[in-house]
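S.K.: I'd like to ask you about the structure that follows.
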Amino acid sequence: RVASDWLARLPKTELHLHIEGTLEPELMFALAERNGVALPYADVDALRAAYDFNDLQSFLDLYYAGADVLRTEADFYDLTRAYLLRAHADGVVHVEIFFDPQTHTVRGISFATVLNGIRRALAEGEREFGITYRLILCFLRHLPESDGFATLEDAMPYLAQIDGVGLDSSESGHPPQKFARLFARCKALGLPRVAHAGEEGPPEYVWQALNVLDVSRIDHGVRSLEDPVLVAELARRRTPLTVCPLSNVRLKVYERLEQHPLRQLLQAGLVATVNSDDPAYFGGYVGENWRACAEALDLTRDELLQLARNGITASWMDAADKVRWL
Ligand code: ES4
Ligand code: ZN
């Protein structure tokens, strides 16, 4: 068993983190009060008790409802600031954060309000804690591709402040293929691309993310293990997987953490990384994901070091920073 202080000091990255998924019940109630929003829960405990999910969709329903308390630039700043305090405490040196503009613009909140609040906290976090960052705009795949194009239009004045695009929300029934033209447009604009694939969806969705969307990373990707030809291709291309172990257990991709295939991914030669996804909803920030996996899977020092190195390698941080951490 590895020492917990050794694990705590390991330089960590977070490459799969939905900022809306860091909204803790306490902050949700505080923002509801500040903005005059009524929540359908008596208190924080009643809300937390509702975090008992059967699958991805049952989580997403609560996640989108909770995001309704986010209204002003100060709200997005406070949300991101609270997350960065947690990340810093966990020894995170670099974060790549997803945000879902469509969740907010549909409620009449401007793209700039969302972006400015998040970025102000990120810039401050780098000055204060040295946490470097990238920001990734995610398109919601349960909505039509035309909605994604409208969101890309909203983003056009701010492209210099967006480091890449992703694809999230309900996977089943919404294959990457559905967004072929949108991602081609993003590629033409020079935006790096990632996509959630192979979380609940089949290996075929991972193939589409690679070959149709031309992504440089796969978010989740755990179901790739069902297709040996796909595993060989991911290893050959060195395409990183941003794996979220506690998320996978909470959303019942795996019944218990002991059954999580993190070690198998490493042994197959894949660039697997450890991330937290929606930590306020899934019961653990990135440090807890590392600790829980080290324990449940009895990971060795070498395996943990490999995961940490994978996080640096898979990130979009500056080359000089990679050299510094590797
Ligand atoms: C998500 Cl766990 C997960 N999967 C897909 N989309 C998401 N958005 C927020 N969390
Ligand atoms: Zn995710």
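S.K.: Just to verify a result, which residue in the range 1-21, among those that are closer than 27 Å to Glu303 by Cβ and within 16 Å of ligand 2 (Cβ to nearest atom), is surrounded by the fewest Cβ atoms within 10 Å (Cβ to Cβ)?
M.R.: The qualifying residue surrounded by the fewest Cβ atoms within 10 Å (Cβ to Cβ) is Gly21.
S.K.: Go through (1) crowded, with 19+ Cβ neighbours inside 10 Å; (2) of a type in the set (Phe, Trp, Tyr); (3) farther than 30 Å from Ala89 by Cα; (4) away from ligand 2 (no atom under 16 Å from the Cβ) and name the single condition Tyr205 misses.
M.R.: Answer for Tyr205: the failing condition is (4).
S.K.: Please indicate, with yes or no, whether at least one residue in the range 149-157 is of a type outside the set (Val, Ile, Thr) and within 16 Å of ligand 1 (Cβ to nearest atom).
M.R.: No, every residue in the range 149-157 fails to be of a type outside the set (Val, Ile, Thr) and within 16 Å of ligand 1 (Cβ to nearest atom).
S.K.: Which of the residues spanning the range 51-73 are surrounded by 14 or more Cβ atoms within 10 Å (Cβ to Cβ) and over 19 Å from the mean Cα position of the chain (by Cα)?
M.R.: Those that are surrounded by 14 or more Cβ atoms within 10 Å (Cβ to Cβ) and over 19 Å from the mean Cα position of the chain (by Cα): Asp68, Val69, Arg71, Thr72, Glu73.
S.K.: What are the residues in the range 37-86 that are closer than 27 Å to Glu255 by Cα and either assigned to a loop (DSSP other than H, G, I, E, B) or in contact with a strand residue (DSSP E or B) (Cβ under 7 Å, 6 or more places away or on another chain) (or both), if any?
M.R.: Hits for the range 37-86 are Ala50, Tyr51, Asp52, Phe53, Asn54, Asp55.
S.K.: Of the residues Asp52, Asp61, Asp90, Asp100, which is modelled with pLDDT of 95 or more and more than 24 Å from His142 (Cβ to Cβ)?
M.R.: Asp90
S.K.: Oh, and also: What residue, among those in the range 155-177 that are more than 16 Å from ligand 2 (Cβ to nearest atom) and crowded, with 18+ Cβ neighbours inside 10 Å, is farthest from Glu96 (Cα to Cα)? Spell out the reasoning first.
M.R.: Applying the first criterion (more than 16 Å from ligand 2 (Cβ to nearest atom)) to the range 155-177 yields 155-163, 173, 175, 177.
Now restrict to residues that are crowded, with 18+ Cβ neighbours inside 10 Å: 155, 162, 175.
Working: Ala155: 18, Ile162: 11, Pro175: 24 Å.
Of everything passing the filter in the range 155-177, Pro175 is farthest from Glu96 (Cα to Cα).
S.K.: Turning to a different aspect of this structure: Scan the range 220-227 and tell me whether some residue there is without any contact (Cβ under 8 Å) to a residue 12 or more places away in the chain, of a type in the set (A, V, I, L, M) and more than 16 Å from ligand 1 (Cβ to nearest atom).
M.R.: No, because not a single residue in the range 220-227 is without any contact (Cβ under 8 Å) to a residue 12 or more places away in the chain, of a type in the set (A, V, I, L, M) and more than 16 Å from ligand 1 (Cβ to nearest atom).
S.K.: Right, another one. Of the residues that sit in the range 217-254 and are β-branched (Val, Ile, Thr) and within 13 Å of Ala268 (Cα to Cα), which one is farthest from ligand 2 (Cβ to nearest atom)?
M.R.: Among residues in the range 217-254 that are β-branched (Val, Ile, Thr) and within 13 Å of Ala268 (Cα to Cα), the one farthest from ligand 2 (Cβ to nearest atom) is Val229.
The values are calculated or read from the model by the stated rules, or taken from the named source; none is laboratory data. Just so we're clear, the structure is a prediction, and the values are computed from it rather than from any experiment. No Cβ is skipped: glycine too gets one built from the backbone with ideal geometry, and neighbour counts run over all protein chains shown.
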